[in-house]
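Working notes, structure below.
The values are calculated or read from the model by the stated rules, or taken from the named source; none is laboratory data. Given the structure is predicted, the values throughout are model-derived calculations rather than measurements. All Cβ positions, even for glycine, are placed from backbone atoms using ideal geometry, and neighbour counts span all protein chains on display. Calculation scope for accessible area: heavy atoms of the full protein, side chains included, ligands and nucleic acids excluded. Shrake-Rupley method; radii C 1.70, N 1.55, O 1.52, S 1.80 Å.
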Amino acid sequence: NSVLGIAMDNAYRIHWRTMLGHAITRGLAPTGRARGRFARLLALILACPGLYREAIVDYNAANPLAPFTPMSWTDIQLRPPHFEAAAAVNISNADVLRAMIANGLPSEWVDHAYTFGVVYLETHFFEANASIDLYRDIDDEQHR
């Protein structure tokens, strides 16, 4: 289902890295009105190589006494952030990156989920009702 960012071939075989991205998005996305926008921004962040690693470096520089610690493979718990309904339209990349860092999402997972972000971006970039400016910014960021 390319609408969700999951890639399948004609034999209905699923590209597993897109499933990882979908699982991360489902696990981190908050409930309520903020879910759609948060999930969309998270998918677009996954499409930008190095963006999450840069956010971790910035976080570590701002918090030297409490540096980023990735979650362990044996204890996987994703805690979605909470956003008030009125604030849902104002969610930004920074909010999503903060939620990813707060959950200790390993950067390796984000690297492996890159394909999910690309499939999502390619599917939605040319839609008539798409936020072309947002998608163009992400597309430009990919080429940086």
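Within segment 46-144, which helices (runs of 4 or more DSSP H) (wholly inside it) include 1 or more residues that are modelled with pLDDT of 85 or more and of a type in the set (Phe, Trp, Tyr)?
By residue number, 51-62, 107-112, 114-124.
Report, by residue number, each residue of segment 14-45 that is within 21 Å of ASN90 (Cα to Cα), among the aliphatic types (A, V, I, L, M) and not in a helix (DSSP H, G or I). Result: ALA29, single match. Looking at segment 3-30 only, could you name the residues that are of a type in the set (S, T, N, Q) and either touching an Asp or Glu at 6+ places or on another chain (Cβ under 6 Å) or at pLDDT 85 or above (or both)? Residue satisfying the conditions is THR25 alone. Give the residues of segment 95-108 that are open to solvent by 20 Å² or more (accessible area, probe 1.4 Å) and hydrophobic (A, V, I, L, M, F, W, C), sorted by residue number. Correct list: LEU97, ILE101, ALA102. Look at segment 9-38: where a residue is farther than 26 Å from PHE83 by Cα and of a type outside the set (Val, Ile, Thr) and a partner is open to solvent by less than 60 Å² (accessible area, probe 1.4 Å) and at pLDDT below 85, sitting 6+ places away or on another chain with Cβ atoms under 7 Å, you get HIS15/ALA7; HIS15/THR115; ARG17/THR115; ARG17/PHE116.
Scanning segment 77-92 for residues that are in contact (Cβ under 8 Å) with a residue 40 or more places away in the chain and of a type in the set (A, V, I, L, M) turns up LEU78, ALA85, ALA87, ALA88, VAL89, ILE91. The set of residues in segment 78-92 being open to solvent by 50 Å² or more (accessible area, probe 1.4 Å) and within 12 Å of the chain's Cα centre (by Cα) is empty. Mind listing just one residue for me: the one in segment 34-67 that is among the hydrophobic types (A, V, I, L, M, F, W, C) and more than 21 Å from TYR114 (Cα to Cα) and, of those, nearest to the chain's Cα centre (by Cα)? This residue is ALA34.
Among residues of segment 48-60 that are free of Cβ contacts under 8 Å to residues at least 24 places away in the same chain, those with a beta-carbon under 6 Å from a residue that is open to solvent by less than 80 Å² (accessible area, probe 1.4 Å) and part of a loop (DSSP other than H, G, I, E, B) at least six positions away or on a different chain give the pairs ASN60/PRO67; ASN60/PHE68.
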